Amino acid sequence: MTLAPDSLPRRGFVYRELVALGATFGEIDGAACALEIGGEDEAARAEELALCDLSPLPRAGYKGRETRAWLAARGIRVPEEDNRATRRDDGWLAARLAPGEVLLLAGLDGERAPIDRLAADWSPDPDPGAYPVPRADTNCRFAITGRLGPEMMAKLCGVDLRPHRFSDGAIAQTSVARLSAIVLRADLGATLAYHMLTDSASASYMWSCITDAMAEYDGAIVGLAALRTLAGMKPA
């Protein structure tokens, strides 16, 4: 029996669209997350072209002149270059957006312990030179997967996201469908995958733009379970 999204205090920003599709929801970090949509072999569809809402998964940000050093002292390795992301052993992504700004994205298991440890260790006194950025509420997070992803995204974004030009771990801070967005490539096993963050207030607009662009390619809406399968994770 599916979980009713409004039975939990938090939901993804496009949960109404997913309810309309008949999605099956489960609880991730106290939020309702669409696990399955109900289509045929969602993982296979995601290898071709698919869109998935990952907004219920934990995320956080830190900003300030000492951000990298503060995170490094707590075991969070950050890339040496801007606009690059590092994948941790636990599946988390540490994305360097600027010399003093880092975005942290949870893995597909939804484990939030790394964020909680950082939050518990942070204090403004003495000045740590790194300050929290409320990414969970201000940004939505979508995943676009599959070999047709670059071709579809070319309709919405001026950055060349083809695999030979935009490597795994690359980040583009750019415009997608005329909205400011962060696009991060983080493949799921052998499947090409882009993780995109944009303003949460515009989540429904961005969702509709992507689904409209996917229609030409027979793209699918899929649940988190499909992405977990592609990443080689065992069923929850």
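Around the Cα centre of the range 69-154, unit charges on the Cβ atoms of Lys, Arg, Asp and Glu (plus for the first two, minus for the last two) sum to a dipole of about 260 debye.
Rounded to the nearest 10 degrees, what's the angle between the helix 203-215 long axis and the longest principal axis of the chain, both from Cα atoms, 0 to 90? Approximately 50 degrees, to the nearest 10. For the chain, excluding the exposed loop sites themselves (GluC sites (Glu not before Pro), DSSP loop, at most 11 other Cβ atoms within 10 Å), the longest remaining stretch covers 82-236.
Per-residue ellipticity at 222 nm, computed for the chain from helices alone with -39500 (n - 2.57) per DSSP H run of at least four residues, works out to -6000 deg cm²/dmol. Beta-bridge orientation, the range 1-115: approximately 90 percent antiparallel, per DSSP, counting only bridges with both partners inside. Once you list every other residue whose beta carbon is under 15 Å from the beta carbon of residue 63, what net charge do they have if Lys and Arg are +1 and Asp and Glu are -1? That works out to +1.
For the chain, the dipole from Cβ point charges (+1 on Lys and Arg, -1 on Asp and Glu) about the Cα centre works out to 500 debye, to the nearest 20.
Each of 46, 139, 230 was placed along the dipole of the chain (beta-carbon charges, centred on the mean Cα), and the one lying farthest toward the positive end is 139. In the complete set of protein chains, residue-level accessible area for residue 140 is approximately 0 Å², probe 1.4 angstrom.
The values are calculated or read from the model by the stated rules, or taken from the named source; none is laboratory data. On a predicted model such as this, the values are computed, not experimentally measured, just so you know. A quick note on method: Cβ atoms are made from the backbone with ideal geometry, for glycine too, and the neighbour counts reach across all protein chains shown. For accessibility, only protein heavy atoms count, side chains too; no ligands or nucleic acids. Shrake-Rupley method; radii C 1.70, N 1.55, O 1.52, S 1.80 Å.
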